[in-house]
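Engineer: Got a structure here, written out as C-alpha cells. Questions coming.
The values are calculated or read from the model by the stated rules, or taken from the named source; none is laboratory data. These numbers come from a predicted model, not from an experiment. Neighbour counts run over all protein chains shown; Cβ positions are idealised from the backbone, glycine included. In case anyone asks, the SASA skips ligands and DNA or RNA and just uses the protein heavy atoms, side chains included. Shrake-Rupley method; radii C 1.70, N 1.55, O 1.52, S 1.80 Å.
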Amino acid sequence: MLLSKLIDYYALYDLHKDRSKENQYHIDFDHAPTNIDRDVFFEVPSSLADIYLNITSKENGYSIGEFGFESLRPSGDHPNDYVRGESFLNEVGNKPNVIFVHGWRMKGFDRVKKIFHDSIMNNLGWNMYYYTLPYHLERQPEASLYSGEFMVSANINRTVESTRQAIVDLRALIQWMKNNKQGPVIIIGVSLGGFISNLVATLESEIDALVSIFYSNRLSYSIWNTIPGKYIRRDLESHGVNYNDLVKYWELVEPNQALPKINKENILLISAKHDQYVHIQDADLLWESWGKPTRYVYNCGHAGIVLKRKKIEKDTISFLQNKLKR
C-alpha cells in the first residue's frame, strides 16, 4: 500500500510541473448548469454524414491513419472544434470496433496503446479508434499551456461544456459506426476517459460493451479531495466557491446520477485500491449506484496504468471475448 501511494505521489509531483499560470475561474450565472434535463443537454443534434479518413500507411493487414470530423457542439475555440484521432482499420470487414478514450492531460495515446494495441492488432484483428478529448493533443488551443488545461478547470461553465462536447461527439461517432460499420462497438476508457465513457453509457444505447479503467466519477469530488485537483480547488476557493457550490454546478455530469442504457452484463469496471488520483470510495459509489456490474479492484495506485498493464490487458480482453461470443 505504501509503495503504491509513494509512486502515485511522485507522479503527481511531476504532473504539477505543468499547471495554469493564470486563474481560470469563471462562471456565467445566467447559464449556470443547474436544473437541466440531462437527456436534452447531451442530445446529439444531428447525425454524422461521414467522417474524414486519411490513410497514411498499411501494416499487418491494417490501414493506418487518422479520422476526423467537425464537432457537433462547437466551443468557438480553434482547433478544439475539429474532432480527431488515430485509426487502425482491419482490411477484412465485419470486425469489432474499439474506441479508446484517453485520460486527462495525456500528451499522446502511448499509455493506452502500450496496454492493448499490439495484442489487439496481432491476435484479434479488431478495428481501433483513438479518440481525442476536447482541448487535448492536437485540439489544444495556442493559449493553453498544457494538454487538457481547458477541459477541466476552475472555469465552471467551460468544464461542463467541454464534457458535453466530448459526450455528444463520442455519441455521434458511435452512432456513425452503427450505421456504417459491421461488428459491435466497444468503448474502453482510462482515467478521465473512463469518466467520459461511463457518462456516455448512461446516455447511449448503441454500445455493445464498456470497459472503464481507473475511472473518475464525480469531478467535484476529485477536484476538492484529490491531489490532482488541488490548484483548481485553490482557484475556486479564492473566488468564493465552496464544495457544495461545485457539487451543484457539476452534478449534471456525474455518471452515478443515472443508470447505464446498456446491459449491465456488458460492463467491466476496473479500479485501484490505493489510487491517489481517483479515490476508491468515489469509484465504489458508481459501482454501487449501477447495481454492481462486473468489477476488479487491483492492489495498486493509479500508476497501475503502467505497472499493471499486462493484467489490465488480460482481464479486459478475456471479458470482451466472453461477451462477444454470446
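Engineer: Got at least one residue in the stretch 273-284 being open to solvent by 60 Å² or more (accessible area, probe 1.4 Å) and aliphatic (A, V, I, L, M)?
Structural biologist: Let us first name the residues in the stretch 273-284 that are open to solvent by 60 Å² or more (accessible area, probe 1.4 Å), namely 273, 281.
Okay, now just the ones that are also aliphatic (A, V, I, L, M), so none.
No, the stretch 273-284 has no match at all.
Engineer: With the requirement that a residue be surrounded by fewer than 11 Cβ atoms within 10 Å (Cβ to Cβ) and small (Gly, Ala, Ser), what does the stretch 48-68 give you?
Structural biologist: Within the stretch 48-68, Ala49, Ser57 meet the criteria.
Engineer: Working carefully through the options Tyr231, Tyr221, Tyr215, find the one that is closer than 22 Å to Glu149 by Cβ and assigned to a loop (DSSP other than H, G, I, E, B).
Structural biologist: On the way: Tyr231 fails: assigned to a loop (DSSP other than H, G, I, E, B); Tyr221 fails: assigned to a loop (DSSP other than H, G, I, E, B).
Exactly one residue qualifies, and that residue is Tyr215.
Engineer: Still on this model: Which pairs turn up if I take residues in the stretch 291-318 that are of a type in the set (Lys, Arg) and look for partners that are open to solvent by less than 60 Å² (accessible area, probe 1.4 Å) and assigned to a loop (DSSP other than H, G, I, E, B) with beta carbon separation below 8 Å, at least 6 apart in sequence or on another chain?
Structural biologist: Sorted first by the residue in the stretch 291-318, then by its partner, the pairs are Lys308/Cys300.
Engineer: Tell me the residue from Ser144, Ser238, Ser153 that is of a type in the set (Ser, Thr, Tyr) and without any contact (Cβ under 8 Å) to a residue 24 or more places away in the chain, please. Spell out the reasoning first.
Structural biologist: Numbers: Ser238 fails: without any contact (Cβ under 8 Å) to a residue 24 or more places away in the chain; Ser153 fails: without any contact (Cβ under 8 Å) to a residue 24 or more places away in the chain.
Just one listed residue meets the conditions, Ser144.
Engineer: I need the full set of residues from the stretch 230-255 which are open to solvent by less than 30 Å² (accessible area, probe 1.4 Å) and either within 17 Å of the chain's Cα centre (by Cα) or basic (Lys, Arg) (or both), in order please.
Structural biologist: Step one: list which residues in the stretch 230-255 are open to solvent by less than 30 Å² (accessible area, probe 1.4 Å), which gives 232, 235-236, 241, 246, 249-250, 252-255.
Trp250, Leu252, Val253, Glu254, Pro255 - these are the residues of the stretch 230-255 that are open to solvent by less than 30 Å² (accessible area, probe 1.4 Å) and either within 17 Å of the chain's Cα centre (by Cα) or basic (Lys, Arg) (or both).
Engineer: Specify which of the listed residues (Ile317, Ile305) is among the β-branched types (Val, Ile, Thr), in a helix (DSSP H, G or I) and surrounded by 20 or more Cβ atoms within 10 Å (Cβ to Cβ). Quick ask: steps written out before the conclusion?
Structural biologist: Details: Ile317 fails: surrounded by 20 or more Cβ atoms within 10 Å (Cβ to Cβ).
After ruling out the rest, the residue left standing is Ile305.
Engineer: Any residue in the stretch 47-62 that's more than 14 Å from Leu89 (Cα to Cα): show its pairings with residues that are open to solvent by 70 Å² or more (accessible area, probe 1.4 Å) and among the polar types (S, T, N, Q) at Cβ separation under 8 Å, as long as the two are six or more apart or on different chains.
Structural biologist: Taking only residues 6 or more apart or on different chains, the pairs are Ser47/Asn179; Asp50/Asn180.
Engineer: What's the number of the condition Phe195 fails, among (1) in a helix (DSSP H, G or I); (2) open to solvent by 10 Å² or more (accessible area, probe 1.4 Å); (3) aromatic (Phe, Trp, Tyr)?
Structural biologist: Here Phe195 meets the rest and fails (2).
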